[in-house]
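Structure first, commentary second.
The values are calculated or read from the model by the stated rules, or taken from the named source; none is laboratory data. Here the structure is a predicted model, which means the values were calculated and not measured. Neighbour counts are summed over all protein chains in view; Cβ atoms, including those assigned to glycine, are modelled from backbone coordinates with ideal geometry.
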């Protein structure tokens, strides 16, 4: 432990998943107190137990549906009741329906925006008063899909949602400047997670997807968590309204 987040209280959403869990473990190792949440109580508790077993401090709200503004308020309240403040908000959680436009229903498109855009708004709005008190860092999970398209990925709704997250992040940086609040986003490319592992076993998907990656391999959740750690820390104190692409060079050629 080098203490890069010593004394900071960090709220991370989706801590029951691969990237949220990796971020929770890494942030805790660097001295942060973690507040997590997930729709899945079992995986959420597994993450809490792992952090605590390693000597870290973590509480979580589960199940927590961030599409519900009241759940977002309850999550922020848990952070303040447990640790007295909030320094970092990592809007990591998201969910998307995949399909080409011929197959994608209006309901599925709207549900994706709800689970990728509205949850960022809901929780950021709930956390804003706490962040205003002493300033802090907001990190929003965008995606390379906000920048490019993949021939093998029917990601119309996902691209729309993550494009909105990019735009929202810039505006949050604009509004947050008055309060010492920085807002940045991360745009991962293809990352090997519980959600993508089955797809990566399919040559018709993995082949063209990996062909677009300059480093010729999927990324790992820990590599995304490392970039989030930088944005959460004071090392990034002059960085706001920026998107960091964690894509192995996908968008460079």
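Among the residues of region 183-219, those identified as crowded, with 16+ Cβ neighbours inside 10 Å, at pLDDT 95 or above and out of contact with any helix residue (DSSP H, G or I) (no Cβ under 7 Å at 6 or more places or on another chain) are 209, 210, 219.
Remark: pairs (first residue in region 200-223, on the phi < 0 side of the Ramachandran plot; second residue part of a helix (DSSP H, G or I) and exposed (fewer than 15 other Cβ atoms within 10 Å of the Cβ); Cβ separation under 7 Å; 6+ apart in sequence or on different chains) = 214/252. If you check residue 165 against the conditions, is it crowded, with 21+ Cβ neighbours inside 10 Å, touching a strand residue (DSSP E or B) at 6+ places or on another chain (Cβ under 9 Å) and within 26 Å of residue 110 (Cα to Cα)? Answer is yes for this residue.
Just a yes or no: is a residue in region 193-209 in contact with a strand residue (DSSP E or B) (Cβ under 7 Å, 6 or more places away or on another chain) and more than 15 Å from residue 146 (Cα to Cα)?
Restricting attention to region 193-209, the residues satisfying the condition of being in contact with a strand residue (DSSP E or B) (Cβ under 7 Å, 6 or more places away or on another chain) are none.
The answer is no, given that none of the residues of region 193-209 is in contact with a strand residue (DSSP E or B) (Cβ under 7 Å, 6 or more places away or on another chain) and more than 15 Å from residue 146 (Cα to Cα).
Candidates 132, 151: the one that is modelled with pLDDT under 95 and either surrounded by fewer than 22 Cβ atoms within 10 Å (Cβ to Cβ) or in a helix (DSSP H, G or I) (or both) is 151.
Kindly indicate whether residue 119 is assigned to a strand (DSSP E or B), more than 25 Å from residue 212 (Cα to Cα) and touching a helix residue (DSSP H, G or I) at 6+ places or on another chain (Cβ under 9 Å). So residue 119 does not fit the description; no.
Quick check on residue 102: is it without any contact (Cβ under 8 Å) to a residue 12 or more places away in the chain, outside any helix (DSSP H, G or I) and closer than 29 Å to residue 145 by Cα? First the steps, then the outcome.
Values: without any contact (Cβ under 8 Å) to a residue 12 or more places away in the chain: yes; outside any helix (DSSP H, G or I): yes; closer than 29 Å to residue 145 by Cα: yes.
So residue 102 passes the test.
Assess whether residue 142 counts as being closer than 19 Å to residue 17 by Cβ and surrounded by fewer than 24 Cβ atoms within 10 Å (Cβ to Cβ). The answer is no for residue 142. Is one or more of the residues making up region 191-199 over 22 Å from the mean Cα position of the chain (by Cα) and free of Cβ contacts under 8 Å to residues at least 12 places away in the same chain? Checked region 191-199: no residue is over 22 Å from the mean Cα position of the chain (by Cα) and free of Cβ contacts under 8 Å to residues at least 12 places away in the same chain.
Mind checking which residues of region 227-253 are more than 25 Å from residue 150 (Cα to Cα) and touching a helix residue (DSSP H, G or I) at 6+ places or on another chain (Cβ under 8 Å)? Within region 227-253, 229, 230, 232, 236, 239, 240, 241 meet the criteria. A single entry from 59, 88, 76, 117 fulfils the requirement of being surrounded by 15 or more Cβ atoms within 10 Å (Cβ to Cβ) and within 17 Å of residue 43 (Cβ to Cβ): 59.
Is there a residue being without any contact (Cβ under 8 Å) to a residue 60 or more places away in the chain and more than 18 Å from the chain's Cα centre (by Cα) anywhere in region 57-67? So that I can check it myself, show each step before the final result.
Of all residues in region 57-67, those without any contact (Cβ under 8 Å) to a residue 60 or more places away in the chain come to 57-67.
Subset that is more than 18 Å from the chain's Cα centre (by Cα): 57.
The answer is yes, given that some residue of region 57-67 is without any contact (Cβ under 8 Å) to a residue 60 or more places away in the chain and more than 18 Å from the chain's Cα centre (by Cα).
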